[in-house]
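Inspection log for the structure reproduced underneath, given as structure tokens.
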Amino acid sequence: NGTNDQMAKEALMGAQEAGAEVEFIHMLDLNLVPCNGCISCVTGRDGVFAGGSCRCIRKDDLNWLEDKIYDADGVIFVMPIFEKGLPGFFRAFQDRFAGPSHDIGMLTIAKSIWEKNGSPAGGGPDPRAFKPRYATFIGIGGSDWACRMSADYGLFAMVQMWKVVDDLVFTWAKSLTMEDDRVAQIRQAGRNIAKAAMEPESYKYLGDPGICANCHSRLMYLTDDATTVECSVCGIKGELVVEDGKIRFAYPPEQLEHAHNTIPGKIKHVEDIGKNEGAFAAAKQTDEYKQRAEAYKAFIQPSRPEK
């Protein structure tokens with residue numbers, strides 16, 4: 001019942017005013033365990049390369065939450081800002097819901113395999129995963145340490161190719177509930193996403209334009225020679241140029257084919273992962289790998305608390 005909950009409900013009020021059916025989920029009430037890196041969602045019997053559903057095999061509340069999100073036309077996320085970005089409990093969710101098991105590129109490959117060969121586990125990916133879905137992101141910070149929040153949200157939306165309507169980041173916002181202008185912004189954001197979901201032809205991005213013209217991110221990565229710049233969200237590579245005294249991120253049009261938020265870019269990523277996984281699987285069968293792995297295993301064991 002703190003500021004984040006209050007503002008989530010404020011946005012839902014706006015969506016309801018615009019004609020949407022609304023539901024409130026408090027993520028901290030859910031049991032969402034971290035990803036353990038088993039990659040069953042990719043290489044398992046029900047994984048991507050088997051034409052499976054790609055659903056996570058860990059037993060907690062993720063599948064319940066997945067159903068809620070898949071049944072929705074739009075989702076509003078309201079999160080506190082921890083150390084400039086997303087809080088840890090959401091990152092645990094992100095690793096599993098915005099990882100390979102839910103990436104549209106991965107699911108497209110899985111669907112193609114399932115349609116051609118079927119799947120040993122039965123059905124293919126959930127058809128609801130491919131439905132156009134809208135998202136609004138709201139970050140609430142207690143100080144001005146907030147510069148990574150929008151990029152973190154962008155990475156989450158990029159995986160499933162959600163259409164972002166609003167991207168709002170509020171700094172020095174502990175008393176946000178009492179700030180009428182900002183509260184009105186949040187109410188309007190609720191109306192905006194409801195309109196986008198009900199009238200898809202009216203959709204347009206209403207958030208911060210950012211620096212990257214493709215994904216609106218402001219987070220850029222400079223290579224060692226400091227000449228090439230990569231957008232840390234969509235992966236497009238280009239350069240920073242100064243025009244009329246302002247810095248602009250410029251990239252050649254062909255870079256869009258490699259962008260992480262486009263189907264061609266995603267398919268290329270899946271193909272690269274497939275090659276890498278194949279090489280790793282072959283290496284694991286060699287005597288040299290087995291000897292090295294056994295040596296590491298025998299060297300030391302992890303410490304654990306006594307129970």
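Evaluate the charge dipole of the chain about its Cα centre and quote only its size in Debye, nearest 20, assuming +1 on the Cβ of each Lys and Arg and -1 on the Cβ of each Asp and Glu.
Numbers: 35 positive and 43 negative charges, 155 e Å.
Once rounded to the nearest 20, the dipole reads 740 debye.
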So how compact is the chain: Cα radius of gyration and Dmax in angstrom?
-> 21.4, 67
Average projection area in nm² (convex hull over Cα atoms of the range 159-307, one quarter of hull surface) | 18.2 nm²
Going through the range 21-128, which chymotrypsin sites (Phe, Trp or Tyr not before Pro) have at most 11 other Cβ atoms within 10 Å and a DSSP loop state?
-> PHE24
Would you work out which of VAL33, THR171, THR228 lies farthest towards the positive end of the dipole of the chain? Charges go on Cβ: Lys and Arg +1, Asp and Glu -1.
-> VAL33
Could you calculate the FRET efficiency of LEU256 with ALA226 from 1/(1 + (r/R0)^6), where r is the beta carbon distance between them and R0 is 25 Å, rounded to 0.05?
-> 0.60
Roughly how tilted is helix 104-117, in degrees to the nearest 10 and between 0 and 90, from the longest Cα axis of the chain?
-> 50 degrees
What number, in nm² with one decimal, is the all-direction average of the projected area of the convex hull of the alpha-carbon atoms of the range 141-237?
-> 7.5 nm²
State, to one decimal in nm, how far the label point of GLN301 lies from the label point of LEU206, with both points 7 Å from Cα in the Cβ direction.
-> 5.9 nm
Residue-averaged 222 nm ellipticity for the chain, from DSSP H runs of 4+ at -39500 (n - 2.57), nearest 500 | -12500 deg cm²/dmol
Measuring from label point to label point, each 7 Å out along Cα→Cβ, what is the ILE247 to HIS26 span in nm?
-> 4.2 nm
Positive end of the charge dipole of the range 250-296 (Lys, Arg +1 and Asp, Glu -1 on Cβ, about the Cα centre): tell me which of LEU256, TYR296, PHE280 has its Cα farthest that way.
-> TYR296
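Each reported figure results from applying straightforward, stated rules to the coordinates on display, with no laboratory input. Note that the structure is a prediction, hence the values are computed from the model and not measured. Note that each Cβ is placed from the backbone with ideal geometry, even for glycine, and that neighbours are counted across all protein chains shown.
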